[in-house]
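Down below is the structure, laid out as structure tokens.
The values are calculated or read from the model by the stated rules, or taken from the named source; none is laboratory data. As the structure is a computational prediction, the values presented were derived from the model and not from experiment. Backbone-built Cβ (ideal geometry, glycine too); neighbour counts: all protein chains shown. Side chains are part of the model used for accessible areas, which takes the heavy atoms of the whole protein and leaves out ligands, DNA and RNA. Shrake-Rupley method; radii C 1.70, N 1.55, O 1.52, S 1.80 Å.
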Amino acid sequence: MSNHNKAITNTSESPYVKLKSINFGDCKWTSGFWAEKIKIAEDKMLPYMGDVLCGDIGHGLNNFKIAAGAKEGEHKGFYWHDGDFFKFMEAKMYIYALTKDAALLKELDEYIEWIGKAQEDDGYIHTHIQITEGAERFSNRKYHEMYNYGHLFIAASVHFRLIGQRNFLDIAIKQADLLVAYFMPDTTHYQRFGFNQTQIMGLVELYRTVKDKKYLKLAEKFINRRGMFEIKHHSTTEGYPIGDMVQERIPLRESEEAVGHAVLALYYYAGAADVYAETGEKALINALDKLWENVTGKKMYVTGAVGQAHYGASTNLDMIEEGFIDAYMMPNMTAYNETCANLCNAMFSSRMMGVKEESRYADIIELVLYNSGLSGIGLEGKDYFYSNPLRMVNNSRNYDAHDDVTESPVRQPYLECFCCPPNLVRTICKSSGWAYNLSENGVAVVLFGGNNLDTTMLDGSSLKLSQDTEYPWKGLVKITVDECKDSAFDIKIRIPKWTVGSTLKVNGEDVGISVIPGTFSTINRTWKAGDTITLNMPMEVTLLEGHNRIEEVRNQIAVKRGPIVYCVESPDLPENTSILDVYYKGGTALNAIHKDDFLGGVTVVETEFLLREDKNDEMYQAVTKPSWKTHKSQLVPYFVWSNRGQAEMTVFLPVIWNN
């Protein structure tokens, strides 16, 4: 095995990946934004989530105990609850790798022991099927067995890499071998079964871990089968939408449009990118190029969020849920934007960056991390949003009318559908593993933040870097070479797409390297210890407008500074003022002010709003000259909204220009 075999996504030996993952733990956040988030994850997020999932509220561990015959009771939670427990375990693995806290290792061993006891002799494990009378294995894809297995395979691979024990990996291998036995043969019953495509990523990661090619072949087979059979209900599909909802109407290699459930789609695309990384099949990457462009260029919100609608139809008029609808159809209030989908958007982009060696994909990773990802959890780390709309208006719907908190106006301490919380927490916990990648003869700086990198390059030579910055609140980034080889190599610096007028210097001098937004600036030289790279990105407050086909934001603006998208929140408005009465007066100054003691320490944008005083209570009425008053206030980062009680909020504001 190579000495780069401890990565989150282990691309060390993937022949078609140009930017390889670093070993997890080689980079550690040391100060600033992400160091603080990691500390909250260690101290608050994971302990709280553990109390929930290992107790009677979240019942994740209880399901395994019941399946093992050690506890009485019924299965609780949705069909996919096992997979969400595996994601929670994965988050603990990252914190263990960073802290070496023996208590975490003991807890993981206990969970693995129960999972092993629940596993059947032939390798099968899926607690809902095992516990529920009358439920049969692989009888209906709505039971989400494949989703659970994907997360099992990933978590078990990460566990083996970071901890070195086989106890979890052996469970995963046993289950994977059973999948091969069932699904490799071309059996009619299983033609359309693998709709929730997490298992594709998981199988590739298992292949990378144990080098057994049958797992890669099965991953490829799940892709090959999609879109190849007549779309009609079958015994394995009853009770769940078909067609575009689960990306089965068109074969992946012919797809040009992202359709259906956004989480399923993006896990699917990420898995296909993993397969391409191993096989180099041109048809796969050509399709993924088109799909990535479609997602990020026609169906993504300014926050990096995806999945415009809770319910709707695809362009082929298939019913869809929690997913993609038409291009440029971007509602604000009803935007679904499931936290998982947003995170999957970053996961897909991370893989595309690796195979393409292009920094524009990292712009999406960063956009999600600071905005539509982080908005899914409260500042205390104990409450969650499932959906992440761009506007919240009181009394716009009756949230108590149904037992579904996925679109709640406030974060919830527990979501019965618990897929998003552990997905977000594991992403926060592994974020340092995304900060750098290794190129053929160098290193790429992908994310900015106070950190230390202590790694080996692909040629085996030692490399140590340290990064000093107050990013994302300030745009000055200083990178120091602490140790390196004697011969020349590349340091690639990501220049974010949003930057204007950035400068790049080595040891205080301009080195004549192009600084082009949305690309890597590659500095090749013979480096020595003590060399410093200084990237200075002016952090101007910027007004953004949407494409002219996005009806929902015509004549409206959003405010962005650096990677941070801002919003107006009702606690910053006069009492009884609706967010719908707030306008931006074109040309009004927007001033960035950092507040250390506000919402965990954030930079706000202070400005003067126009508040419309004449109320329009009619559905339509004759136009009269509006009545305005001004109000000095602030915009706050989108990710911190709803941390001051139940509130209205909007990202986009109508604008009044005085020509």
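Only one of the listed residues (R253, R208) is within 25 Å of the chain's Cα centre (by Cα), open to solvent by 20 Å² or more (accessible area, probe 1.4 Å) and touching a residue at least 12 places away in the same chain (Cβ under 8 Å). That residue is R253. When the test is whether a residue is acidic (D, E) and over 22 Å from C344 (Cα atoms), D244 does not pass it.
Here's the yes/no breakdown for (1) surrounded by fewer than 24 Cβ atoms within 10 Å (Cβ to Cβ); (2) touching a residue at least 60 places away in the same chain (Cβ under 8 Å):
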site: D326; (1), (2): yes, no
site: P331; (1), (2): yes, yes
site: T339; (1), (2): no, yes
site: N342; (1), (2): no, no
site: V355; (1), (2): yes, yes
site: A362; (1), (2): no, yes
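Kindly check whether there is at least one residue in segment 304-314 that is over 18 Å from L264 (Cβ atoms) and open to solvent by less than 10 Å² (accessible area, probe 1.4 Å). Within segment 304-314 (the criterion being over 18 Å from L264 (Cβ atoms) and open to solvent by less than 10 Å² (accessible area, probe 1.4 Å)), the answer is yes, since at least one residue qualifies. Of the residues in segment 410-463, how many are open to solvent by 20 Å² or more (accessible area, probe 1.4 Å) and either hydroxyl-bearing (S, T, Y) or assigned to a helix (DSSP H, G or I) (or both)? Final tally of qualifying residues: 5.
Across segment 485-541, the qualifying residues are those that are in contact (Cβ under 8 Å) with a residue 40 or more places away in the chain and on the phi > 0 side of the Ramachandran plot, and the one among them that is surrounded by the most Cβ atoms within 10 Å (Cβ to Cβ) is G518.
Of all residues in segment 278-290, those that are within 20 Å of the chain's Cα centre (by Cα) and open to solvent by less than 10 Å² (accessible area, probe 1.4 Å) total 1. Here segment 67-96 is the region considered, the condition is being open to solvent by 10 Å² or more (accessible area, probe 1.4 Å) and in contact with a His (Cβ under 7 Å, 6 or more places away or on another chain), and the residue that is nearest to I428 (Cα to Cα) is W80.
Within the bounds of segment 249-256, is there any residue that is in a strand (DSSP E or B) and on the phi < 0 side of the Ramachandran plot? If you could, list the steps in order and put the result at the bottom.
The initial filter retains those residues of segment 249-256 that are in a strand (DSSP E or B), namely none.
No - not one qualifying residue is present in segment 249-256.
Checking each residue in segment 464-473 for being open to solvent by less than 30 Å² (accessible area, probe 1.4 Å), outside any loop (DSSP other than H, G, I, E, B) and within 27 Å of P637 (Cα to Cα) picks out Q467, T469.
Taken over segment 148-198, the criterion of being under 30 Å from H234 (Cβ atoms) and aromatic (F, W, Y) is satisfied by Y149, F153, Y182, F183, Y190, F193, F195.
Residues checked against (1) at pLDDT 95 or above; (2) surrounded by 21 or more Cβ atoms within 10 Å (Cβ to Cβ); (3) part of a strand (DSSP E or B); (4) in contact with an Asp or Glu (Cβ under 7 Å, 6 or more places away or on another chain):
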site	(1), (2), (3), (4)
C567	yes, yes, yes, no
P571	yes, no, no, no
A589	yes, no, no, no
L599	yes, no, no, no
E608	yes, no, yes, no
T630	yes, no, yes, yes
V655	yes, no, yes, no
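Filter segment 162-205 for residues that are of a type in the set (K, R) and either free of Cβ contacts under 8 Å to residues at least 12 places away in the same chain or crowded, with 24+ Cβ neighbours inside 10 Å (or both) and give the result. Across segment 162-205, the qualifying residue is only R166. Considering only residues in segment 211-246 that are in a loop (DSSP other than H, G, I, E, B) and open to solvent by less than 10 Å² (accessible area, probe 1.4 Å), the one that is nearest to Y311 (Cα to Cα) turns out to be T237. Each residue in segment 24-55 was checked for being outside any helix (DSSP H, G or I) and more than 30 Å from K474 (Cα to Cα), and 2 of them qualify. Of the residues that make up segment 510-521, is at least one at pLDDT below 95, farther than 16 Å from A444 by Cβ, of a type in the set (V, I, T) and assigned to a loop (DSSP other than H, G, I, E, B)? Checked segment 510-521: at least one residue is at pLDDT below 95, farther than 16 Å from A444 by Cβ, of a type in the set (V, I, T) and assigned to a loop (DSSP other than H, G, I, E, B). How many of the residues making up segment 77-107 are free of Cβ contacts under 8 Å to residues at least 60 places away in the same chain, over 14 Å from M45 (Cα atoms) and not small (G, A, S)? Qualifying residue count, segment 77-107: 6.
A155: open to solvent by less than 10 Å² (accessible area, probe 1.4 Å) and free of Cβ contacts under 8 Å to residues at least 60 places away in the same chain, yes or no? It is false that A155 is open to solvent by less than 10 Å² (accessible area, probe 1.4 Å) and free of Cβ contacts under 8 Å to residues at least 60 places away in the same chain.
Give the residues of segment 163-198 that are acidic (D, E) and outside any helix (DSSP H, G or I), sorted by residue number. Passing the criteria: only D186. All conditions in (1) touching a Phe, Trp or Tyr at 6+ places or on another chain (Cβ under 6 Å); (2) modelled with pLDDT of 95 or more; (3) of a type in the set (V, I, T) hold for I57, with the sole exception of (2).
Taking the stated definitions as given, is G58 outside any helix (DSSP H, G or I), buried (at least 20 other Cβ atoms within 10 Å of the Cβ) and out of contact with any strand residue (DSSP E or B) (no Cβ under 7 Å at 6 or more places or on another chain)?
Against the criterion (outside any helix (DSSP H, G or I), buried (at least 20 other Cβ atoms within 10 Å of the Cβ) and out of contact with any strand residue (DSSP E or B) (no Cβ under 7 Å at 6 or more places or on another chain)), G58 qualifies.
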